[in-house]
Each structure stands twice: as C-alpha cells, then as structure tokens.
Amino acid sequence: APEVSITTLDIRVGIITDVKKHPDVDSLYVQEIDVAEETPRTVVSSLVKYIPLEEMQNRKVCVLCNLKPVKMRGIQSHAMVLATSNDDHTKVSTISSSIELLVTLIS
C-alpha cells in the first residue's frame, strides 16, 4: 500500500447548508456541505447519535474531500466529515469547535 502523507489530504472547512436524516437509516445524516465549489457536496455521516440535527445545520466542519465517492445505503457520499472522540467513543464531535477556537486565538 502506498504511504499516506498529510500533504496528500484535501481537508477543507465547509458549512452544512442542509441536513436531514437518511430516509432509510436512522443512524445516518445526509448533508449538503458548501466547500466553496460550484455546488455543495452531498455527504453521508453517522453522527446522528452524537450531534442533534438542529446543531448540524449551518455548522462549520472539516471535510476530507479527496476520497472516491461511495454509496452509503443508496445515497452517494462525496466527502467525509472529520470528527474527534474520547477514548471509549461515548462523546463525538466535529472538529468545528476547534476551528472556532483556533481562529479566535489567531485573530
């Protein structure tokens, strides 16, 4: 397998412009994420049990964009929302709060 370097990852900050639960799977969100391209990317994520739907809307997130599109339960996902968790995976959050903190510290 080829060696992976951080420099090969296309990580962008995007904003979730629309989010809804997957029509067939309760544990998945289907999001439209604006990453400053011509059209928003459709992204499927499994964050339902960690982050309420209302908190996902208009949320800034880090998105890994250079993945091959993959069908997740019938819906094509065109990126991956990056998230962090504690050791036992009982608390999961997107990296957006860290972005806000970093921007505040730099400003």
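The values are calculated or read from the model by the stated rules, or taken from the named source; none is laboratory data. Not measured: the values here are computed from a predicted model. With ligands, DNA and RNA removed, areas are computed over all heavy atoms of the protein, side chains included. Shrake-Rupley method; radii C 1.70, N 1.55, O 1.52, S 1.80 Å.
In order along region 16-22, the Karplus-derived 3J(HN,Hα) couplings, from 6.51 cos²θ - 1.76 cosθ + 1.60 at θ = phi - 60°, round to 6, 8, 7, 8, 8, 6, 4 Hz, and Gly and Pro are given as x.
In the context of the full protein assembly, Val4 retains an accessible surface of approximately 110 Å², using a probe radius of 1.4 Å and ignoring ligands and nucleic acids. Annotation: amide H of Val48 within the under-5 Å range of Tyr29, sequence separation 5 or more or interchain, hydrogens built in the peptide plane. The mean sequence separation of alpha-carbon pairs under 8 Å and at least six residues apart, normalised by the residue count of region 14-80, gives a relative contact order of 32 percent. Considering the chain as a Gaussian network with a 10 Å cut-off on Cα pairs, which listed residue, His78, His89, His22, attains the greatest mean-square fluctuation? Highest fluctuation among the options: His89. Using a 1.4 angstrom probe on heavy atoms only, work out the carbon and sulfur share of the accessible area of the chain in %. After summing per-atom areas, the C and S share lands at 55 percent. The heavy atoms of Lys21 present about 110 square angstrom of accessible area, all protein chains included, probe 1.4 Å.
D for region 6-94, whole µm²/s, Stokes-Einstein with Kirkwood Rh over alpha-carbon pairs at 4 °C and 1.567 mPa s: what number? If you can, show how the numbers build up before the last one.
On the way: Rh = 13.3 Å.
The estimated diffusion coefficient comes to 98 µm²/s.
Residues Met72, Met56, sorted by accessible area with the largest first, give Met72, Met56 [1.4 Å probe; ligands and nucleic acids excluded].
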